[in-house]
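Asker: After the structure tokens below, expect a handful of questions from me.
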Amino acid sequence: MSTSGPSGAVVLSLRGVSKAFGAVQALRDVSVDCHAGEIHALVGENGSGKSTLLGIASGSVAPDEGAVEIGGSRLRRASPAEARRLGLGIAYQDYSHVLDLTVAENLFLAAAGARPPYSRMAGWAEETLAPFELGIPVGATARSLSLAERQLLEVVKTLLTHPKVLLLDEPTTALGPDAVEKFHSLVLQQARAGVAVVYVSHRLPEVLSVADRVTVLRDGVGQGTFPADSVSEENLVALMIGRPLEVAFPERRPEDAPAEIVLSVEGLHGERFGPIDLSVRKGEIVGIAGAEGNGQIQFLRALAGVERAAGRASCDGRSLDMSSPLGPLRQGVVLLSGDRRGEALFPVLSVRANATVQVLRRLARLGVVGRRRERRSIDGLVKALRVRMGSVEQPIASLSGGNQQKVSLMRPFLRGDVKVILAEEPTQGVDVGARFDIYEALRGKAAEGVAAVVKSSDPIELAGLCDRVLVMSRGRFVEEIPAHELGERRIVEAIVGSRGTVAIAEGRPA
């Protein structure tokens, strides 16, 4: 991180930008400059206007007022193609891959004017990926990649156009500690080459470790731009939410609290994981840590009946039918998928419909669901989870990522038969304020006796939220960290050390 102010020329300038969507003022007179060779972070709560500002900078959203300049030339109309021509590239949080095409084909599509002959596509893709050392096979489909691999591929695709300005929208939400380090090396390399980088992230420690300057937005209004080495995480949180925030997680259950086992797993194994034995007690929140790609997601999805697995599992003393997603769901095992857009939500449906889709039979009378009764069932949860929206009837796609996540979290609250929540990255892409709302909600369900298994790539989250954490490596649990030992450093050390432990156990070089 630089300790001096930016010295390069301004290559992205947004001056006096304002934008309203109906009655909602998304941005009000916001100005930001980003210099060549600078990593400029943009932070704020969900709904603060970050995505709108990136949309205006990239030409996909037209401002009501204000001007955008890229490389010294004014963007005269909202046009992504024109923004790209002027030298702007953007790596999207939700990815822009064609999932059924291979990695090579996705790179080929992104290369535009720099494409090789189609017959050389595979070799060209290998050469293109080689400097980044990602280890991604060019013949694999984008759908088969992990979330971390998809994110890294998204950035590489953007760099194919050699942009002057690189916009990164929540680039590390799906990355583990090692992948974050690799990603930051890539970002720093681009900055040293003179690229101006705008870095949007909710992970404030990462922001402060990599950025030169930080701009804070709150409710669509700029709160100032600061040298990253002059502000603390606590300073940024206070600016983002408008008041000091006591960064404290909900109180854990006592380590010796007696409770019966609600979820039992014996010898479960499937693609990329196993065999696994696990017991989870009522009211307990168990975290799963590990470097990405070690079977954590496959394990959770197998328990939810989404992926095939062999072995035994029981919920509340009854054998768990994992042959399809319907079996675990009927027995009270609910999966909160980390892929909000692809699996957890119906983007074109309303907030109300997304929240109640799994409980319509309970809300119906004589086969008819009353709209008023349906809305009453979620009104309390909207307030409790602090969902920011204009109406429960608006499409969920119009909400910020954090508020979409809160809506998906409503489903296990509306179901009266939930016994186990399987949460895959429950706060991925969620700001600091919304994170604590979600933590409180999960801990509230735990207080009712519901167990939770949480897979997260954020060691701070695991340390603060969970009653114990299991470290997974090469598809197996290799270490358990009890509550009194939990901490970010302890978890990271266990993740890093687990590789050597497994290697030695299998007779390989560590």
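The values are calculated or read from the model by the stated rules, or taken from the named source; none is laboratory data. Model, not experiment: these values are computed from the prediction. Cβ sites come from the backbone with ideal geometry, for glycine too, and all protein chains shown count toward neighbours.
Asker: Of all residues being more than 22 Å from Ile491 (Cβ to Cβ) and of a type in the set (A, V, I, L, M, F, W, C) in the range 264-302, which is surrounded by the fewest Cβ atoms within 10 Å (Cβ to Cβ)? Just the residue, please.
Answerer: Out of the qualifying residues, it is Leu268.
Asker: Next up: Do any residues in the range 167-184 that are in the same structural domain as Gly87 (by TED's automatic domain parsing) have Cβ atoms under 7 Å from those of residues that are at pLDDT below 80 and assigned to a helix (DSSP H, G or I), where the two are at least six apart or on different chains, and which pairs are they?
Answerer: Ala174/Leu147; Ala174/Ala148; Leu175/Ala148; Gly176/Ala148; Ala179/Ala148
Asker: Counting only residues that are crowded, with 17+ Cβ neighbours inside 10 Å and of a type in the set (A, V, I, L, M, F, W, C), which one in the range 316-343 is farthest from the chain's Cα centre (by Cα)?
Answerer: Top of the filtered list is Leu320.
Asker: Continuing with the same structure: If I ask for residues that are without any contact (Cβ under 8 Å) to a residue 24 or more places away in the chain and in contact with a Leu (Cβ under 8 Å, 6 or more places away or on another chain), which ones from the range 87-120 would you list?
Answerer: Quick first cut of the range 87-120, residues without any contact (Cβ under 8 Å) to a residue 24 or more places away in the chain only: 105, 108-109, 113, 115-120.
Once the filter is applied, which keeps residues that are without any contact (Cβ under 8 Å) to a residue 24 or more places away in the chain and in contact with a Leu (Cβ under 8 Å, 6 or more places away or on another chain), the range 87-120 yields only Leu109.
Asker: Answer yes or no: is there a residue in the range 135-157 that is under 24 Å from Gly49 (Cβ atoms) and touching a Leu at 6+ places or on another chain (Cβ under 6 Å).
Answerer: Narrowing the range 135-157 to residues under 24 Å from Gly49 (Cβ atoms): 151, 154-155.
Cutting the leftovers down to touching a Leu at 6+ places or on another chain (Cβ under 6 Å) gives us none.
No - not one qualifying residue is present in the range 135-157.
Asker: Sticking with this one: I'm trying to understand the selection: among the residues of the range 351-370, which are closer than 21 Å to Leu336 by Cα, loosely packed, with under 15 Cβ neighbours inside 10 Å and of a type outside the set (Val, Ile, Thr)?
Answerer: Keep residues of the range 351-370 that are closer than 21 Å to Leu336 by Cα, which gives 351-362.
Next, from what is left, pick out any that are loosely packed, with under 15 Cβ neighbours inside 10 Å: 357, 360-362.
Passing the criteria: Leu360, Arg361, Arg362.
Asker: Take the residues in the range 291-309 that are of a type outside the set (S, T, N, Q) and in contact with a Ser or Thr (Cβ under 6 Å, 6 or more places away or on another chain); name whichever of them is nearest to Leu278 (Cα to Cα). Full working, then the answer.
Answerer: Just the residues of the range 291-309 that are of a type outside the set (S, T, N, Q), to begin with: 291-293, 295, 297, 299-309.
When the remaining residues are screened for being in contact with a Ser or Thr (Cβ under 6 Å, 6 or more places away or on another chain), the result is 292-293, 305.
Numbers: Glu292: 20, Gly293: 20, Gly305: 17 Å.
Restricting to residues being of a type outside the set (S, T, N, Q) and in contact with a Ser or Thr (Cβ under 6 Å, 6 or more places away or on another chain), the top hit is Gly305.
Asker: Something else: Show the residue pairs meeting these rules: Cβ distance below 7 Å; 6+ apart or different chains; first residue within the range 317-346 and farther than 26 Å from Glu260 by Cβ; second residue of a type in the set (Ser, Thr, Tyr) and in a loop (DSSP other than H, G, I, E, B).
Answerer: Matching pairs, first to second residue: Glu343/Ser337; Ala344/Ser337.
Asker: Examine the range 35-55 for a residue that is in a strand (DSSP E or B) and either acidic (Asp, Glu) or more than 25 Å from Val430 (Cβ to Cβ) (or both), and state whether such a residue exists. Write out each step before concluding.
Answerer: Filtering the range 35-55 for residues in a strand (DSSP E or B) gives 35, 39-43.
Now restrict to residues that are either acidic (Asp, Glu) or more than 25 Å from Val430 (Cβ to Cβ) (or both): 35.
Checked against the condition, which is being in a strand (DSSP E or B) and either acidic (Asp, Glu) or more than 25 Å from Val430 (Cβ to Cβ) (or both), the range 35-55 yields at least one hit.
Residue by residue, here is whether (1) of a type in the set (A, V, I, L, M); (2) not assigned by TED's automatic domain parsing to the domain that holds Gln298; (3) not in a strand (DSSP E or B) holds:
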| position | (1), (2), (3) |
| --- | --- |
| Asp229 | no, yes, yes |
| Asn235 | no, yes, yes |
| Phe249 | no, yes, yes |
| Leu268 | yes, no, no |
| Asp277 | no, no, no |
| Val280 | yes, no, no |
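Asker: Within the range 134-150, which residues are in contact with a helix residue (DSSP H, G or I) (Cβ under 6 Å, 6 or more places away or on another chain) and among the hydroxyl-bearing types (Ser, Thr, Tyr)? Steps first, please.
Answerer: Taking the range 134-150 first, the residues in contact with a helix residue (DSSP H, G or I) (Cβ under 6 Å, 6 or more places away or on another chain) are 134, 136, 138, 140, 142, 148.
Correct list: empty.
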